[in-house]
Structures are given as structure tokens and as C-alpha cells.
Amino acid sequence: MSILVVGTVAFDTVETPFGRAERILGGSATYASLAARVVDAPVLLNAVVGRDFPDSHVEALSSRGVDVEGLVRDPDGETFFWAGRYHYDLNTRDTLATHLNVLATFEPDLPASYRTPGIVCLGNLDPTVQSSVIDQTDGRGLVVADTMNFWIENTPDALAETLRRVDVLVINDEEARQLSGQPNLVRAARAVREMGPGTVIIKKGEHGALLFCGDDVFSAPAYPLEDVVDPTGAGDTFLGGFAGHLARLGSTDAEAMRQAVVVGSALASFVVEAFGPDRLLSVTAEELDERIDAFRRLSAVPTIVAA
């Protein structure tokens, strides 16, 4: 089962209390694609870069098995650029610069080989762009999407139209409350599901993730790390790992969703260990299996014996 990943491929400059990295490879589609490839899911990447994007970055993606036929290079512009500074707790950040550059006029035009994916994985983009991608597929793939508070606030009608076509929505707790108008996350998930997505995943950062699927509610912990270097891309990594595991299983039932949440969480716990996607480029299947086992032990409920 192939995954179509549509999002941003970018340059990031990231500053945290533990260091700084200048113009490193970033973007939602980069993280999602590399995460899905860790679990050997076939990935079809659609994004745009500019004339300044080095061939070495394209090679980094293709060498991991990402299909880059849909990676468009615009010779007349520069690559999307984002710069941010994280606070000491790493849960909050300040955006220092956002230069859309070639992304401002990007209109996805999928290659013919990209139009029949098993899963459509939509990174954080303008919801009208997300809908245009869905329009270009055969309509049979599971649609997994991300969004953010900017689109919730500024494009509510377009977002509402897109959500009616989404099967799985992945958002954080703040976005869930903003989108639904509900402070309680259980009620927020119910309200969001009434907008279209049959399944909602609410990420809670260092407190794990909640899955709402059918009548099933599942809570996955976050992995406790001693060293968190850079949280950029953790959510996109979760998205790619989640979709990648579903593609690997060839199943989208409730049990597969539960497993996929754990896989996505495990991969996200790797990516924060270094600046940019470096850990996704080096993590092995064996390391991932060990981390998944650690998640299993974290969430194991002991047998309760009456005194």
C-alpha cells in the first residue's frame, strides 16, 4: 500500500536552549516521508523547492527510498524557509521568520503514478490545497490530514469543506479545543468527528496521544527522554509513522490504528534527539522495535490483587 505525502520541503533555522542549527533540511513532508520509510512503506512525495535547494538533500530523501518524482523544483524562486526559537521547556516557541517563497504559488499537480495511493497523507497546508490533492486521486485511499490554528482561525469555511473529505485528522490538544470550541478533549474529539473525520488523534506533546476511533478510545504515553534537542517535526514524524504502519499492515481497523499510534509516537521520540531529521535518516528497524517494546512496558497495566 503506497502513501502519497503532500506538504512542505523546507529550510529551517532552529534555536533551542541546547544549540542552534542553520538552514537545515526541514518541512512537514520531509519528516512524514522519512518516518514512513523507516517502516518500509512506499512513499510518493509531492512538494515544491526552489533553485537554492541542494541536490544533496534530494539524494538524502531518495537514498532512503522516497519516490521524488513529484518533488518539483521552481527555477524562479527560493525554497520555503522557517526560523524559530524554543523556550527552555521546549513546549513553546517563537517564530522568528516565515518566508513562503515558492510555496506561495504552489499548486500540486500529481504525476500519473501518484494518483492511486492506498493512503493520502496531507501535511499542514492551506485546506484548499489539501482538497485539490484529494481531487487528483482516485478517491479510494484513506485520507489522513494535519492542520493548525492558523487555518482554523483564518480559513474556517475551506477547512470545514476539507474535513468532510478526511478520514483521520491528527491535531494537537490546543487545536482540538479551538476547532471544536470544547475545553474537554473527549467532547472536542466528538465534535470534530461530527465535522467529517471518522477517526481523530489528539497529540498532547510530552503527555502522549489520544485516539478516538469508532467506539474505541486509546491513550498512548510519550516516551520519557533525558535529552530532547529539537522538537521540530515531531508531529509530522508522528503523522508519517502512523500512516506508514497502516500501509505496512495493509489494514485500517481499530487495532491497526492503535498500533499505528504507538509506532508514530516511537518515531517522534527519536526525531527530537537531534536537530532536523538526522535521527530519521539513521534510525534502524532494530532501534525502532526496541523503542516500541519500551512503549509497551510503559503502558502495561499491572494485575490488581486485593489485599
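Any read-out appearing in this document is the output of simple, stated calculations on the displayed coordinates, not a laboratory observation. Just so you know, these numbers come straight off a predicted model, no measurement behind them. No Cβ is skipped: glycine too gets one built from the backbone with ideal geometry, and neighbour counts run over all protein chains shown.
Sorted on the mean count of surrounding Cβ atoms within 10 Å across their residues, most packed first, peptides 264-272, 60-68 read 264-272, 60-68. Computed from phi, the 3J(HN,Hα) profile of the stretch 75-80 under the Karplus parametrisation 6.51, -1.76, 1.60 (θ = phi - 60°) reads x, 9, x, 10, 5, 3 Hz, with x in place of Gly and Pro.
Ordering 80, 160, 98 by the projection of their Cα atoms onto the charge dipole of the stretch 3-299, which places +1 on the Cβ of Lys and Arg and -1 on the Cβ of Asp and Glu, puts 160 at the extreme positive end.
Any idea what the dipole of the chain comes to, in debye rounded to 20, about its Cα centre with Lys/Arg Cβ at +1 and Asp/Glu Cβ at -1? Let's see the in-between values first.
Numbers: 24 positive and 44 negative charges, 139 e Å.
Around 660 debye, computed over the chain.
What is the stretch 3-299's relative contact order, in percent, from Cα pairs under 8 angstrom and six or more apart in sequence?
On the way: 643 pairs, mean separation 54.6, N = 297.
That works out to 18 percent.
Largest GNM mean-square fluctuation among 246, 122, 90, using the chain with Cα springs under 10 Å: 90.
Scaled against 2.2 N^0.38 Å for its residue count N, the alpha carbon radius of gyration of the stretch 188-255 is 1.23.
Pair-distance distribution of the chain: all C-alpha pairs, bin width 20 Å, starting at 0; shares per bin in whole percent are 35, 60, 4, 0.
A simple rule links phi to the HN-Hα coupling: the Karplus curve 6.51 cos²θ - 1.76 cosθ + 1.60 with θ = phi - 60°, which for the stretch 233-238 gives x, 5, x, 5, 5, 4 Hz, with x for Gly and Pro.
For the stretch 24-33, the Karplus equation 6.51 cos²θ - 1.76 cosθ + 1.60, evaluated at θ = phi - 60°, returns couplings of 8, 4, x, x, 4, 5, 4, 5, 5, 5 Hz by residue, with Gly and Pro reported as x. In terms of overall dimensions, the C-alpha atoms belonging to the stretch 192-307 reach 47, 39, 25 Å along their principal axes, ordered largest to smallest. Under 5 Å from the amide H of residue 47 lie the amide H atoms of 71, 72, each residue being 5 or more positions distant or on a separate chain, with H modelled from the backbone and absent for Pro and chain starts.
So what is the 222 nm mean residue ellipticity for the chain from helices alone, if each DSSP H run of at least 4 adds -39500 (n - 2.57) and you divide by all residues, rounding to the nearest 500 deg cm²/dmol?
Working: 11 runs with 115 residues, N = 307.
Helices in the chain give a 222 nm mean residue ellipticity of -11000 deg cm²/dmol.
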